[in-house]
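The values are calculated or read from the model by the stated rules, or taken from the named source; none is laboratory data. This is a predicted model, so every value here is computed, not measured. Methodologically, a virtual Cβ is constructed for each residue, glycine included, from the backbone with ideal geometry; neighbour enumeration extends over all protein chains shown.
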Amino acid sequence: MNDYTLSLQRLAHFLIITCLLFAILIIAKGILVPIAFAILFTLMLKPIADWYERWLPGRVLSSFLTIFTFIIPIVCILAFFWWQSVGVFDEFSGIGAKLKQGFDIAFEWVNEQFNFTRQTSDQWLREHMEPLLSAPLGFIGQSITSTSVVVGSVALSILYTFFLLLYRTGIKKFFLIQFGDNTRNEAQRIIRETQRVTQGYLYGLLLVISILGVSSSIGMWIIGIDYPFFWGALAAFLAIIPYIGTFIGGFLPFIYAFASSDSIWTPIAVAGLFMGIQFIDNNFITPSVVGSSVKINPLAAILALIVGGAMWGVAGLILCIPVIAIMKKIFAQIPFLQPVSVLLSSDLYLKERIMERRFEDEKYRLVSFFKEEEPVAVVADETAQVATQTPVSATAEEQASANR
């Protein structure tokens, strides 16, 4: 077992840089969020821009058509979503009263089954009804506000995306010349891996959103929920947020069905529909479509969601998974951080022996980064002595020759 002498200076520098980095990310959120989205959009749209460039003269025209191709579907979806949302929002004023009526019916049944007094249930309703009703409605309002902020940033992100597509070759060359000849190939490989991971994740995510939107809309249309395509589009949009997005997308129509339907089986059917969709999505659709490019274990993804949501809100929840997937690929190219890349992988439980065999060497240990460097003063002193003795001996030989 090797003994390590930690360098307090290195440790202090690492902690200071980490704290400054997180502080900058939080303080400069309004500036960095559109840029982060623009980088992802640029990596996703680069194949389309390359295709336009092969057939059209000039990069300006190809970049403009790429952005135009990207914007038109988004505008159509948002217009349809807004048109459907008008009728839903008009009914929000009566949702609270309908929820209270539903709770009254439920408590009457509980009183009959467990012999509770009406006074006890009324007291509980007065104490807890307002928080219960305000929580989902407040969540809806907060979600709409946060979503509007993200949508507002998209306009600036699209502008950034246009310029990044236009100047992508020059930006790439500027990035590469920052590396020496011996590490430039490594940097090019990291860029290719980053582009491949991002494109695979985003294209897979679009496919998952389409599948979830169509399946949930058809399911709620069969159940008989009003505005099924609005709720389906909302559930599909919230699926951008990993793990919890599908749950939120099903919770909101469940509350709406509970408040607007006369039958108890309607909200139960909605809950069953989204539980089935979430089960199929988490176990079959997302692992096969998106998981093949990301390959992040759920523990790392959940921690990334918590950190991303705490720092950047809804935007952080959307960006955290592709960012951590890119970091995983970058770590895999750096020998010192290769164990961290394996630690983030989705099949970590199958790589326990690899961790022991491959990364047993001292250079893979994180503590070696903070190890105190060996003193070189003794070696320097010996070198200096040899250097000073050499001219003296040479001078003595010359004097002896002169005396002869």
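Condition test on SER216, is it surrounded by 13 or more Cβ atoms within 10 Å (Cβ to Cβ), in the same structural domain as ASN282 (by TED's automatic domain parsing) and of a type in the set (S, T, N, Q)?
It is true that SER216 is surrounded by 13 or more Cβ atoms within 10 Å (Cβ to Cβ), in the same structural domain as ASN282 (by TED's automatic domain parsing) and of a type in the set (S, T, N, Q).
Pairing residues of the stretch 174-198 that are touching a residue at least 24 places away in the same chain (Cβ under 8 Å) with residues that are among the hydroxyl-bearing types (Ser, Thr, Tyr), at Cβ distances under 6 Å and at least 6 apart in sequence or on separate chains, gives VAL197/SER293. Note on the stretch 256-375: enclosed helices (runs of 4 or more DSSP H) holding 3 or more residues that are within 27 Å of LEU207 (Cβ to Cβ) and modelled with pLDDT of 75 or more are 265-280, 298-333. Of note, ASP226 does not satisfy the criterion of being out of contact with any helix residue (DSSP H, G or I) (no Cβ under 8 Å at 6 or more places or on another chain), in a loop (DSSP other than H, G, I, E, B), of a type outside the set (Val, Ile, Thr) and surrounded by fewer than 20 Cβ atoms within 10 Å (Cβ to Cβ).
The C-beta contact set for the stretch 67-86 (first residue outside the structural domain of LEU202 (by TED's automatic domain parsing) and under 17 Å from ILE209 (Cβ atoms), second residue of a type in the set (Ser, Thr, Tyr) and at pLDDT 80 or above, distance under 9 angstrom, 6+ apart or interchain) comprises PHE70/THR161; GLN84/TYR227. Looking at LEU206, LEU202, which one is within 16 Å of ILE321 (Cβ to Cβ), surrounded by 14 or more Cβ atoms within 10 Å (Cβ to Cβ), among the hydrophobic types (A, V, I, L, M, F, W, C) and free of Cβ contacts under 8 Å to residues at least 60 places away in the same chain? Every option except LEU206 fails the conditions. For the structure I just gave you, tell me whether LEU45 is modelled with pLDDT of 65 or more, in contact with a helix residue (DSSP H, G or I) (Cβ under 8 Å, 6 or more places away or on another chain) and surrounded by 12 or more Cβ atoms within 10 Å (Cβ to Cβ). Yes: the conditions hold for LEU45. One residue stands out in the stretch 1-20 among those that are of a type in the set (Ser, Thr, Tyr) and modelled with pLDDT under 80: the one that is surrounded by the fewest Cβ atoms within 10 Å (Cβ to Cβ), namely THR5. Condition (residue is of a type in the set (Val, Ile, Thr), surrounded by 17 or more Cβ atoms within 10 Å (Cβ to Cβ), modelled with pLDDT of 80 or more and more than 27 Å from ALA257 (Cβ to Cβ)) applied to the stretch 21-38: is it met by at least one residue? Scanning the stretch 21-38, I find at least one residue that is of a type in the set (Val, Ile, Thr), surrounded by 17 or more Cβ atoms within 10 Å (Cβ to Cβ), modelled with pLDDT of 80 or more and more than 27 Å from ALA257 (Cβ to Cβ), so the answer is yes.
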